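This report concerns only the one structure given below.
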Amino acid sequence: MATAAIPTLRDGDVTLRPIRARDAKVLERVLLDNRSWLRQWEATYPGGGTVIDTRASIRNLLAHARTGHALPFVIEVDGELVGQLNVSSITFGSLSSASIGYWVSQAHAGRGITPTAVALATDYCFSTLRLHRMEICIRPENAPSLRVVEKLGFRYEGLRRRFIHINGDWRDHFSFDRLRQPDGLGDSKIHGFASLPHNRFAFIGAIS
């Protein structure tokens with residue numbers, strides 16, 4: 001697949017822009033400042049620890065972007081880097097899907113920044129890339145992220161047992177998806193997520 005330019009997406013004071021090699025130092029500082037906040041959700045390697053190497057991470061992200069299978073963004077608020085959002089596993093053809101992962105600094109959590117960023121990325125993938133399905137996988141204990149998918153109308157698909165190695169062990173995840181509406185059958189955009197009805201997660205208490 002040919003490489004596509006990574007866009008810059010904005011809504012109000014929230015901006016998603018392509019990650020750059022020169023972001024390494026600022027990104028490292030934000031990650032270190034939020035170490036205790038983020039550690040419980042961080043991917044780790046079986047048999048090893050977590051090393052913060054932002055330069056290597058950015059190189060890896062940009063390498064995947066050059067293949068056309070990823071869109072690596074940083075999240076900015078009023079020009080300040082406050083998190084990351086990655087669209088990964090972009091697949092076209094008969095599957096036409098992608099996955100979204102994200103984090104935001106503790107000081108900026110709970111301010112609607114993450115839902116806005118996820119909505120911007122999802123709308124771009126639906127309207128410009130013409131993808132059919134977007135997926136987000138979340139640990140059952142991650143209440144803030146569960147609220148994000150609730151606000152944006154992502155639908156619960158099921159439990160993926162011991163799905164990703166997180167914070168030193170294999171962890172269960174809930175899987176959520178959102179589908180693009182077929183042409184002519186309504187608006188696929190989710191940017192106006194505040195108007196969507198909230199669907200309470202009745203399944204959470206039923207799954208151990």
Taking region 35-65 as the region of interest, how many residues are at pLDDT 95 or above and over 17 Å from Gln84 (Cβ atoms)? 0
Meets criteria (over 12 Å from Arg180 (Cα atoms) and acidic (Asp, Glu)) for Glu141: yes
If I filter region 74-89 for residues that are out of contact with any Phe, Trp or Tyr (no Cβ under 8 Å at 6 or more places or on another chain), in contact (Cβ under 8 Å) with a residue 12 or more places away in the chain, of a type outside the set (Phe, Trp, Tyr) and part of a helix (DSSP H, G or I), do I get at least one hit? no
Tell me, yes or no, whether region 51-59 has at least one residue that is in contact (Cβ under 8 Å) with a residue 60 or more places away in the chain and not basic (Lys, Arg). no
Which one is surrounded by the most Cβ atoms within 10 Å (Cβ to Cβ), of the residues in region 126-144 that are in contact (Cβ under 8 Å) with a residue 40 or more places away in the chain and part of a helix (DSSP H, G or I)? Phe126
Out of everything in region 28-73 that is part of a loop (DSSP other than H, G, I, E, B) and among the small types (Gly, Ala, Ser), what residue ends up being surrounded by the most Cβ atoms within 10 Å (Cβ to Cβ)? Ala70
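Every residue, every condition in (1) touching a strand residue (DSSP E or B) at 6+ places or on another chain (Cβ under 7 Å); (2) at pLDDT below 95, yes or no:
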| position | (1), (2) |
| --- | --- |
| Arg133 | yes, no |
| Ala143 | no, yes |
| Val148 | no, no |
| Arg155 | yes, no |
| Arg162 | yes, yes |
| Trp170 | yes, yes |
| Gly192 | no, yes |
| Ser195 | no, yes |
| Ala202 | no, yes |
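The values are calculated or read from the model by the stated rules, or taken from the named source; none is laboratory data. Keep in mind that what you see is a predicted model, and the values were worked out from it rather than measured. For neighbour counting, all protein chains shown are included, and Cβ atoms are generated from backbone atoms with ideal geometry for every residue, glycine included.
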